[in-house]
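Colleague: Quick one: the structure is below, questions incoming.
Only the coordinates and a few stated rules stand behind these numbers; no lab work does. The shown structure was predicted, so the numbers you read here are calculated from the model rather than taken from an experiment. In this analysis, Cβ positions are derived from the backbone assuming ideal geometry, glycine residues included, and neighbour counts consider all displayed protein chains.
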Amino acid sequence: QVQLVESGGGLVQAGGSLRLSCAASGRTFSSYAMGWFRQAPGKEREFVAFISRSSITYYADSVKGRSTISRDNAKNTVYLQMNRLKPEDTAVYYCAARNGVAITTHQSYDYWGQGTQVTVSS
């Protein structure tokens, strides 16, 4: 079992930055691929970024070049640094863990956090 707790969301003006954190319980954090997803009101949950067990990263086109995902296995934490935020980035952001290879489909992730709200004002 893995428990995930996100933090770092908030209200920010367009063009600003936020750093989301996701703290994981358990001793096997390094064996999980980690992903960030987001869901805006009335929309499907969508992929944002993932980082594999070997720290290979991949981003959705919508955030590529503006976001960086990273992990600190010693702290059991994964981060999402988001820069040059846009109003369309407004959503609840979730981190997720997958016991396997990193992929973009949210249905394949095994554990989820409760989410953290990001609101970008124009």
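Colleague: Can you list the HN-Hα couplings for segment 73-84, worked out from phi with the Karplus curve (6.51, -1.76, 1.60; θ = phi - 60°), rounded to whole Hz and with x for Gly and Pro?
Modeller: 5, 5, 9, 6, 9, 10, 10, 9, 8, 10, 10, 6
Colleague: Could you please state, rounded to a whole Å, how far the C-alpha centre of segment 76-109 is from the C-alpha centre of segment 3-70?
Modeller: 3
Colleague: A further question follows. Taking the Cβ of Tyr32 as the center, what net charge do the other residues with Cβ under 13 Å away carry, scoring Lys and Arg +1 and Asp and Glu -1?
Modeller: That works out to +3.
Colleague: Through the Karplus equation 6.51 cos²θ - 1.76 cosθ + 1.60, θ set to phi - 60°, convert the phi angles of segment 45-57 into ³J(HN,Hα) values in whole Hz; use x for Gly and Pro.
Modeller: Using θ = phi - 60°, the values come out as 5, 10, 5, 10, 6, 9, 9, 7, 4, 9, 6, 6, 10 Hz.
Colleague: Here is a further query. Less than 12 Å Cβ to Cβ from Trp112, Lys/Arg counted +1 and Asp/Glu -1: what total charge do the surrounding residues give? Intermediate results must be reported in sequence, preceding the final value.
Modeller: Numbers: positive: Arg45, Arg98; negative: Glu6, Asp110.
So the surrounding residues net to 0.
Colleague: Tell me, in nm to one decimal, what length is gained between Glu44 and Val101 on full extension, where the rule is 0.36 nm per residue of separation less the Cα-Cα distance?
Modeller: 18.3 nm
Colleague: What's the magnitude of the charge dipole for segment 1-68 around its Cα centre, counting Lys and Arg as +1 and Asp and Glu as -1 at the beta-carbon? Answer in Debye, nearest 20. If you can, show how the numbers build up before the last one.
Modeller: Working: 8 positive and 4 negative charges, 24 e Å.
With Lys and Arg at +1 and Asp and Glu at -1, about 120 debye.
Colleague: Would you please give the residues with an amide H less than 5 Å from that of Tyr58, counting only those at least 5 places away or on a separate chain, with H modeled from the backbone geometry?
Modeller: Sorted by chain and number, the residues that satisfy this are Phe50.
Colleague: Show log10 I(q)/I(0) for the chain at q = 0.16, 0.17, 0.21, 0.23 Å⁻¹, two decimals, from a solvent-free Debye sum over equal Cα scatterers.
Modeller: Values, matching the q order: -0.67, -0.76, -1.16, -1.38.
Colleague: Expressed as a rounded percentage, what relative contact order does the chain have, with Cα pairs under 8 Å and six or more residues apart?
Modeller: 36
Colleague: Amide H of Gly16: which non-local residues (sequence gap of 5 or more, or other chain) have their own amide H closer than 5 Å, using H built in the peptide plane?
Modeller: Excluding prolines and chain starts, which carry no amide H, the hits are Leu85.
Colleague: What does DSSP give for the chain in terms of the percent of beta bridges that are antiparallel, rounded to the nearest 5?
Modeller: Within the chain, antiparallel bridges account for around 90 percent of the total.
Colleague: Which of Ser7, Gln117, Phe37 sits farthest toward the positive end of the charge dipole of the chain, with +1 on the Cβ of Lys and Arg and -1 on the Cβ of Asp and Glu?
Modeller: Ser7
Colleague: For the chain, modelled as a Gaussian network with Cα springs under 10 Å, which listed residue fluctuates most, Ser108, Ser30, Ser70?
Modeller: Largest GNM mean-square fluctuation: Ser108.
Colleague: Quote the charge dipole size of the chain about the Cα centre in Debye, to the nearest 20; the model charges only the Cβ of Lys and Arg (+1) and of Asp and Glu (-1).
Modeller: That gives the chain a dipole magnitude of about 240 debye.
Colleague: What aspartates and glutamates could a cross-link reach from Lys43, if we take a straight Cα to Cα line under 20 Å and drop same-chain neighbours fewer than 8 places away?
Modeller: List returned: Asp61, Glu88, Asp89.
Colleague: Ordered by residue, what ³J(HN,Hα) values in Hz, to whole numbers, does segment 106-122 give under the Karplus form 6.51 cos²θ - 1.76 cosθ + 1.60, where θ = phi - 60° and Gly and Pro are x?
Modeller: 5, 5, 8, 8, 8, 10, 9, x, 8, x, 9, 7, 10, 10, 10, 8, 8
Colleague: Let me ask you something else. If the reach is capped at under 19 angstrom between alpha carbons, list the aspartates and glutamates near Lys75, excluding any in the same chain fewer than eight residues apart.
Modeller: Glu6
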